[in-house]
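The values are calculated or read from the model by the stated rules, or taken from the named source; none is laboratory data. Worth saying up front: this structure is predicted, and the values here are computed from it rather than measured. Because the Cβ atoms are built from the backbone with ideal geometry, glycine has one as well, and the counts that use them run over all protein chains shown. The protein model used for the area step is the full one, side chains on, heavy atoms only, and it has no ligands, DNA or RNA in it. Shrake-Rupley method; radii C 1.70, N 1.55, O 1.52, S 1.80 Å.
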Amino acid sequence: GGSKPLAGRRVLVTSGPTHEPIDPVRVLANRSSGRQGHAIAAAAARAGADVTLVSGPVAIADPAGVAVVRVETARQMLAAVEAALPADVAVFAAAVADWRVAEDASQKIKKGAGGPPLLALVENPDILATVARGANRPTLVVGFAAETENVVENAKAKLVRKAADFIVANDVSPAGGVMGGDDNTVHVVGPAGVESWPAMSKAAVAEALVARIAEVLGGAS
Ligand code: C5P
């Protein structure tokens, strides 16, 4: 309770996309504005937490009262996250690229007679799963799941597969306008089941999630 329910807590948040280089001028990236993750970092700071935000490339301002670490790639994000541990809570809101180009070219790839380049991809590390199964596991690990179908079912599977405590699932079908938009409709999947929250602003989702986190942490210090 109180106005600073996360006072004395360390909170780590990932946000934004990652950019995986193809060559010096091209990247492979996910669509992500960083708005939801940044709002969570801001809300956690307002709740009194000591917050580190590890962010991929975004066009929005740094949240107030938060230490921001900027990265480009998934591997850089993992390294920055591991450097920011230990933490009481980690919220993984970044849209990490699942793959990177096996070997990015040192010079710009030219159009030409050879036809379009074939890009061999390799899988990126899963930052959430690595941290959730790691020696420095935070007390509370929260993931996100952006889905376009079977939203809750996919989130339940992700909770188990990634060893998270909560998965915040949202429907990002193009018709919903969540991508880049102000509002979000989420389902919070946890050990005790699913809470479906009404549509609200990303700022309100952040506030409610931080309140929920404070509640779960409770006296556990
Ligand atoms: O499997 P999927 O990418 O849908 O999982 C989404 C969740 O996992 C998000 O919390 C995201 O931040 C996290 N994630 C991650 N590292 C990855 C892929 C996803 O931390 N390489």
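Tell me the carbon and sulfur percent of the accessible area for the chain, rounded to whole percent, probe radius 1.4 Å.
Working: 5810 of 11000 Å².
Using a 1.4 Å probe with all protein chains present, the chain comes out at 53 percent carbon and sulfur.
Provide the packing ranking of 39-50, 20-31, i.e. peptides ordered by the mean count of other C-beta atoms within 10 Å per residue, highest first. Present the calculation step by step, with values, prior to reporting the outcome.
On the way: 39-50: 24.1, 20-31: 15.9.
So the peptides 39-50, 20-31, ranked by packing, come out 39-50, 20-31.
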statement: Surrounding charge for N184, neighbours by C-beta under 11 angstrom, Lys/Arg +1, Asp/Glu -1, total -1
message: Using +1 at the C-beta of Lys and Arg and -1 at the C-beta of Asp and Glu, which of A97, A155, G115 has the Cα lying farthest in the positive direction of the dipole of region 93-160?
response: G115
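Based on the Kirkwood radius over alpha-carbon pairs, what is the Stokes-Einstein translational diffusion coefficient of region 1-82 at 10 °C with 1.306 mPa s viscosity, in µm²/s?
Details: Rh = 13.3 Å.
Roughly 120 µm²/s, to the nearest whole number.
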- line: Per residue, accessible area of the chain with a 1.4 Å probe, heavy atoms of protein chains only, in Å², comes to 50 Å²
Top of T14, T139, T52 by mean-square fluctuation, Gaussian network on the chain, Cα under 10 Å: T139
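Please arrange E153, E207, E195 by accessible surface area, largest first, computed with a 1.4 Å probe and ligands excluded.
Working: E153 110, E207 90, E195 60 Å².
The most accessible residue leads, giving E153, E207, E195.
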statement: Which residues qualify? For L121, with a placed amide H closer than 5 Å and at least 5 residues away or on another chain, they are A102
statement: In whole µm²/s, the translational diffusion coefficient that Stokes-Einstein assigns to the chain, given a Kirkwood hydrodynamic radius over C-alpha pairs, 10 °C and 1.306 mPa s, equals 88 µm²/s
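Below 13 angstrom from the Cβ of D171, what's the summed charge of the other residues (Lys, Arg +1; Asp, Glu -1)? Write out the running numbers ahead of the final one.
Numbers: positive: none; negative: E147, E149, E153, D183.
Net of charged neighbours comes to -4.
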